[in-house]
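Before any comments, here is the structure.
Every number in this text was worked out from the coordinates using simple rules, so none of it is lab data. In this text, all values refer to a predicted model and were calculated from it rather than measured experimentally. Cβ: placed from backbone, ideal geometry, glycine included. Neighbour counts: every protein chain shown.
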Amino acid sequence: MYRIIGADGREYGPISISQIRQWISEGRANALTKALPEGTTEWKPLCEIPEFASIFIAAASATAPTATPGPAPRPALISTGDPVADAIGREILERDYHLDIGACVSRAWELVKSRFWLTVGAAAIVYLLVGALAGIPILGTIAVLLLTYVLEGGLKWMFLRLVRGENAELGDAFAGFNQCFKPLMLLSLVAQLLAGVGFLLCILPGIYLTVCWFGFAPLLVMDKKLDFWPAMELSRKVVTKHWWSFLCLGIVNFLILLAGLFACCVGVFVAMPIVAATWVYAYVDIFGRTAQPTPPAPLPPPAPTPPPTPQNPAAPTV
């Protein structure tokens, strides 16, 4: 028996293997549908559960075009080494997307205004902490390499909860330490080292990698529970599709921070949460539209047991 989570976040079940297979055939569940086998504690997408993986493999084989003479077939759109990341990436790249910078910035400003003290306070604590670590000789450099994306991931996670209308508090800004510390730490180390090498080579590769990883990779680890490398690759390939738009978003963010500095330096404390929220809205617009299974309908109740047939009364005695 299994339990399933639908697109509405509700849990359905327990249900049998045959029922899940029926939902898959009806299109009400797909490879990314999360399921929990009875007796276990780890939720997994159906494509990673042996009982159902063969269904998706067979479906992919059935829909694959028959080989014909001509040019070699196009390679897979994305390959990160993680089936969930691959499925998300293929869905996004096939449907394409549009980054609306103005809408992201305006919504970010409205969010900061509506939750001013929480957003400004959390951003100030996180970025002041990063700055304080950077000021410590030697050990501070190591700490920045290891913890920058842990802090960045937690802060954006708090903003993501606010954007989704969920209850959020200051502690959520540090959720990276207790939810996904190891992958975020590895992401922080690898992303900054590779971007640093890119800056040393001729600056442009470093800019390219920073734009690709800074905005979405920490959120993919926190929200989609991806490991650090699949999150980096998924973020890089999705951003590369419209890289110049994201570079423009980065420039707009820089101008917002610069305007904050000109406002007696105090304005930067308002500018920082606006920048963070801008990336979160871009993430929701692009990754929040990935295909989700239709919530399965509740199983029909069992038919009522018919009442017993009344017995004939005994024949009267003559």
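Rounded, prolate or oblate for the stretch 95-287? Axes are the square roots of the Cα gyration tensor eigenvalues, ordered a ≥ b ≥ c, and the cut-off for rounded is a/c under 1.5.
Numbers: a/c = 1.21, a/b = 1.09, b/c = 1.12.
Judged from the Cα gyration tensor, the stretch 95-287 comes out rounded (a/c under 1.5).
Under the rule a/c < 1.5 gives rounded, and otherwise a/b versus b/c splits prolate from oblate, where does the stretch 1-55 land using the Cα gyration tensor? Please list the in-between numbers first.
Values: a/c = 1.33, a/b = 1.11, b/c = 1.20.
Taking the square roots of the gyration eigenvalues as a ≥ b ≥ c, the stretch 1-55 is rounded.
Once the chain from PHE199 to ASP96 is taken as fully extended at 0.36 nm per residue, the excess over their C-alpha distance is 34.1 nm.
Note on LEU194, LEU261, LEU46, LEU118: ascending count of other Cβ atoms within 10 Å places them as LEU261, LEU194, LEU118, LEU46, the fewest first. Note on the stretch 95-287: Lys pairs 8 or more places apart or on different chains, Cα atoms under 25 Å apart, count 13.
Where Rh denotes the Kirkwood radius from the mean inverse Cα pair distance, what is Rg over Rh for the stretch 196-291? Rounded to two decimals, Rg/Rh equals 1.01. Taking a ≥ b ≥ c as the square roots of the Cα gyration tensor eigenvalues, with a/c under 1.5 meaning rounded and otherwise prolate when a/b beats b/c, else oblate, which class fits the stretch 84-163? Judged from the Cα gyration tensor, the stretch 84-163 comes out oblate (a/c at least 1.5, b/c at or above a/b).
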